[in-house]
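Below is one structure, written out as structure tokens, with a few remarks after it.
Throughout, read-outs are computed from the coordinates displayed, never taken from laboratory work. Remember, predicted model here, so these are calculated numbers, not experimental data. All Cβ positions, even for glycine, are placed from backbone atoms using ideal geometry, and neighbour counts span all protein chains on display.
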Amino acid sequence: MTLKWLWILVIVFSLLEWISIPFIGAITGKLYQLVDGVLIITFIIYPLFFITSLLLLQKEIKKIGAVILLIPLIVYAPSLQTLLK
């Protein structure tokens, strides 16, 4: 995988993370189920995405790829603040 595809994957994954909170909230309707959904995304789906992407990256760009792969987690954190309101 090249850096171009990595950026595309990171952007798509980040968008899906942002869309997931209102979507899960609309389906479940309960705060504890919304929190469970966010925890599943953060601690199960994101690490799988991270590891899979690192394994598919070319050797020369693994270090910069690892830094780029932290972006979805950083972008997702502010959206979690909406759960507190």
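Tally Lys/Arg at +1 and Asp/Glu at -1 over every other residue whose Cβ is under 15 Å from the Cβ of Met1; what's the total? Here the charged neighbours net out to +3. Counting every alpha-carbon pair across the chain, the share separated by more than 16 Å comes to 53%.
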